[in-house]
Amino acid sequence: QLEMNMNYEERDSYGMYKVSTTNASGPDARHGPGPNLMGAETLVGNDVYNKDSVDIGDIKEIMINMNTGRVSYAVLSFGGFLGMGEKLFAVPWEALKLDTTNKRFELDVKKERLEGAPGFDKNKWPDMADKSWEEGIHAYYGTKPYSEPPRV
């Protein structure tokens, strides 16, 4: 089955991002939580572009730290054809910016740098809770790991 690329508004089956026609106070008047709070399911599958407007992949999964309740990583796919030979990349959530104009994500990385990024095969995921792995990923993308004591 072929995967259809759809943006978060097209994946919104609950009406979170619909433009409101009643009580509208301008062309961008909305109701609902978006874009400050977004549904995770609507973000999976969204395109990721770099600052040069080059399509560098799409979001396959969103990884949540169950101790802090925060999103830690977006898992991006890059390369391959119809899921064959596809490489996955864990990108720190802080490295992604939501582009609400083009309804996609932006990652400030050149395509050539992403080709050399630490990635993994879908059948061999890294231990993302490992501190040295986490530090290496954050160093690669120029972000800092979120540090907060676990919830009690």
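Every read-out reported here was derived from the displayed coordinates using simple, explicitly stated rules and does not represent laboratory data. Because the structure is a prediction, the values reported are computed rather than measured. Here the Cβ is made from the backbone with ideal geometry for all residues, glycine too, and neighbour counts use every protein chain on show.
Numbers at a glance
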read-out: FRET efficiency, residue 143 to residue 101 (Cβ-Cβ, R0 22 Å, nearest 0.05); value: 0.40
read-out: Gain on full stretching of the segment that runs from residue 68 to residue 53 - 0.36 nm per residue minus C-alpha separation; value: 2.1 nm
